[in-house]
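Presented below is the structure to which this report refers.
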Amino acid sequence: MILKKKFEMMLLAAAATLPMQSHAAEPSTTLVGALSSCQNNFFAMVGAKRDALEKLTTIKPISDAMAFIPVQDRVNEKASVVQFSAPYQDGKVALTGYFDEIVDLATAGKYYSWGFLVHGNVRDVAKQLVPEIYEAGRLRKAGDVYVRSDVWKDGHWQKNDQLAGGTIPQPGTVERVLLIEDAAPDFPGAVRVGCSLQGSVTVEMLKSERPDI
């Protein structure tokens, strides 16, 4: 996980599992709902909402159906966030910006993190988003953040709700994490809702999950 609190929470914390009780019964029509699956359908949703988003920020096409929100520089922390000219109402939450980061930890692998800045506090935002979040019943509270995690194994993503804290992905493995966390101190009054691909991420995986890169 790429977190603004430098890397003290980048590695998923071992925590008591406190599952959220509601599931998204239908495919979400919101940006955050599409994002929450941490799959490439998110970029199709950006493409579908391109006209509205272009009033607030720059949008670039990936294909006829897909688009993305560019940042100035993914590998520069200070240039990896774009703030919208006005809040975008996305279901029950207001999106105020977008982040897209890449951190290279050498032998520990690369961390690709992307998502939205959402107005509010972590607890309230998590509660508001439950009806939209993909597999919301697996979302759990770990300290001050909410997470849902998967690992790549045997050629496909597998659920893993018990990733150990204080460790990095094992060589040759990849973790996929949905994370809801406080965006302070850089963005007080906002929450980061995003995804992370972390570990030995392959070119093929990026082509599939991150067609914007």
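Whole-Hz Karplus values for the range 101-109 come out as 10, 10, 10, 9, 9, 6, 5, 7, x Hz, taken residue by residue from phi with 6.51 cos²θ - 1.76 cosθ + 1.60 and θ = phi - 60°; glycine and proline positions read x. Viscosity 0.692 mPa s, temperature 37 °C: Stokes-Einstein D of the range 81-171 from its Kirkwood Cα radius, in µm² per second? For these conditions, the coefficient is 212 µm²/s. Each of the peptides 176-185, 153-162, 191-200, 83-92 was scored by the mean count of other Cβ atoms within 10 Å over its residues; in descending order, highest first, they stand as 191-200, 176-185, 83-92, 153-162. Packing order of peptides 68-75, 144-151, highest average first: 144-151, 68-75 (average count of other Cβ atoms within 10 Å over each peptide's residues). Model label points for Lys153 and Lys207, set 7 angstrom from Cα along the Cα-to-Cβ axis, are 2.7 nm apart.
Model label sites at Lys60 and Asn40, defined 7 Å from Cα along the beta-carbon direction, differ in position by 1.7 nm. Taking 1 over the mean of 1/r across every pair of different Cα atoms in the range 128-182, what Kirkwood radius in Å do you get? Evaluated on the range 128-182, it is 12.3 Å. Beyond 22 Å in Cα-Cα separation lie the following of the pairs Lys78/Lys207; Lys110/Lys153; Lys55/Lys127: Lys78/Lys207; Lys55/Lys127. Remark: spin-label model distance Gln128-Asp73 equals 3.3 nm, labels positioned 7 Å along the Cα→Cβ axis. Computed over the alpha-carbon atoms, the range 57-213 gives an Rg to Rh ratio of 0.95, Rh here being the Kirkwood radius from the mean inverse distance. Peptides 203-210, 40-47, ordered by how many other C-beta atoms sit within 10 Å of their residues on average, highest first, read 40-47, 203-210. The 3J(HN,Hα) values that the Karplus relation (6.51, -1.76, 1.60; θ = phi - 60°) gives for the range 111-118 are, in residue order, 10, 10, 10, 8, x, 10, 8, 10 Hz. Gly and Pro appear as x.
Throughout, read-outs are computed from the coordinates displayed, never taken from laboratory work. Remember, predicted model here, so these are calculated numbers, not experimental data. For neighbour counting, all protein chains shown are included, and Cβ atoms are generated from backbone atoms with ideal geometry for every residue, glycine included.
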